[in-house]
1. Regarding SER81, is this residue outside any helix (DSSP H, G or I), over 28 Å from VAL187 (Cα atoms) and more than 18 Å from the chain's Cα centre (by Cα)?
2. Tell me, yes or no, whether the range 69-78 has at least one residue that is over 24 Å from the mean Cα position of the chain (by Cα) and either part of a helix (DSSP H, G or I) or touching a residue at least 40 places away in the same chain (Cβ under 8 Å) (or both).
3. Step by step: first the residues of the range 98-115, then only those that are at pLDDT 85 or above and not in a loop (DSSP other than H, G, I, E, B), then the one that is farthest from TYR41 (Cα to Cα). Which residue is that?
4. Report whether or not ILE229 is in a strand (DSSP E or B) and either surrounded by fewer than 22 Cβ atoms within 10 Å (Cβ to Cβ) or modelled with pLDDT of 55 or more (or both).
5. Residue under question is ILE60, and the condition is that it be in contact with a Lys or Arg (Cβ under 9 Å, 6 or more places away or on another chain), of a type in the set (Val, Ile, Thr) and either crowded, with 20+ Cβ neighbours inside 10 Å or within 30 Å of LEU117 (Cα to Cα) (or both); does it hold?
6. Identify all residues within the range 163-183 that are of a type in the set (Lys, Arg) and within 21 Å of GLN243 (Cα to Cα); write none if there are none.
7. Identify, from the list LEU98, LEU61, LEU24, the residue that is under 19 Å from THR261 (Cβ atoms) and of a type outside the set (S, T, N, Q).
8. Cβ-Cβ distance below 6 Å, separation of 6 or more or different chains: which pairs start in the range 169-188 with a residue that is surrounded by fewer than 20 Cβ atoms within 10 Å (Cβ to Cβ) and end on one that is of a type in the set (Asp, Glu)?
Amino acid sequence: MKKVNLGIAQNKFDQIQQRSENVLHLSIAKLVGHIENPTTYPMTGDNKSIERALFNHYNILAKSEQKDFINRIKKFSNIPSNTTQFQSRFGDLAKVDLKSHTSVAEQIKSIAVPDSLKFTASEIDELEKKLLKKRVGAKSTPVTKQPAVVAPRLIRLTVESIHCTNTVELKKDEILMNALFTDALGVSTTIDLVDVGKMKDGETINLGAKGIIAEVNLNNAGFFPQTLIGTFTLIDKDVFADQEKIVSAFRTCAIIATTLTSIALISMGVAIAVAATPGGMAAAAGIMTGALIAMVGSLVILVVGGGITLALQGETSDLIKDEFVFDLNPVTLQPGEFVTRVLNVEIPRSIGKKSGNYTMTIKWERIS
């Protein structure tokens, strides 16, 4: 994952990043424990928890695929059985009880962030300087608080078109697209299986209305600047017909992304000692959102993209991510303005060396 250069605040920020990553490791350990010994490790009933989402995905796999899936995700946790080593690795999070019915994330939310992780005044100044540094010039921008009532600022993310450079199959591919949208507070939603259509070398398909991924009112988060993320994958339907597993994997991605971001933002809010003040969490999110959401998005792509997507055992591209930052000083986009970007996508084959190569043209547009 790409490091965020935070100067004197780097060490504590890295520890909070590791804290959120450990949520995933412990959740996977909970899942593996339950599958191997369900009586000792009961599964939580919370369908929005990471371990339950992974378990639901596990249950739709064929018996022959389940063992392979577990072996793949085990490598992301590798929990030490020795109590001393467990305590050393997880620190205060060693209090998590994997034998509890309560989800790992909910247990962690109730554990106080250690004083050793709380930032000093000089470290907070460093965070503000590094994370809110303007993209033009060297001026730092404070968090912009919003009045109670303000006209909507709507941003729309659209996949305008998909172009095929060369197909996976000999003649044509039948392409499906999944998308994941993450807002400024880390809440992720999925768009399941957009049917792009059959494509041959050199062909471009315009998606029209079905390419609209998300519309968000930026005022809802209560702070600026904001970072929004679109994440995409392309699938060759010709060689991967089990669409239920694709949908399940992407929904699991959304739950993991939302949970990890929530833990990171809560931890950071407490660590900069503003969570208890009115509007404090929004301010904390405003200071940290760009770096945190980008960091968590990278973590999800690394872990989920390398774990669940591979476990699907189909011809799918890697998860492709694009970030958009909206600010008020100066305003990034006025109503009616937009930016377009071209993303390169490769769809590898399980057998042989030939891969499919595609480009996606996406648009971030301010519509009001």
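The values are calculated or read from the model by the stated rules, or taken from the named source; none is laboratory data. Here the structure is a predicted model, which means the values were calculated and not measured. Ideal geometry is used to build each Cβ from the backbone, glycine not excepted, and the neighbour counts take in all protein chains shown.
1. Against the criterion (outside any helix (DSSP H, G or I), over 28 Å from VAL187 (Cα atoms) and more than 18 Å from the chain's Cα centre (by Cα)), SER81 qualifies.
2. There is no residue in the range 69-78 that is over 24 Å from the mean Cα position of the chain (by Cα) and either part of a helix (DSSP H, G or I) or touching a residue at least 40 places away in the same chain (Cβ under 8 Å) (or both).
3. Within the range 98-115, the match that is farthest from TYR41 (Cα to Cα) is LYS109.
4. For ILE229, the condition - in a strand (DSSP E or B) and either surrounded by fewer than 22 Cβ atoms within 10 Å (Cβ to Cβ) or modelled with pLDDT of 55 or more (or both) - is met.
5. The answer is no for ILE60.
6. Within the range 163-183, LYS172 is the sole residue that qualifies.
7. Checking each option against the conditions leaves just LEU24.
8. Close Cβ pairs satisfying both conditions: GLU169/ASP238; GLU174/ASP238.
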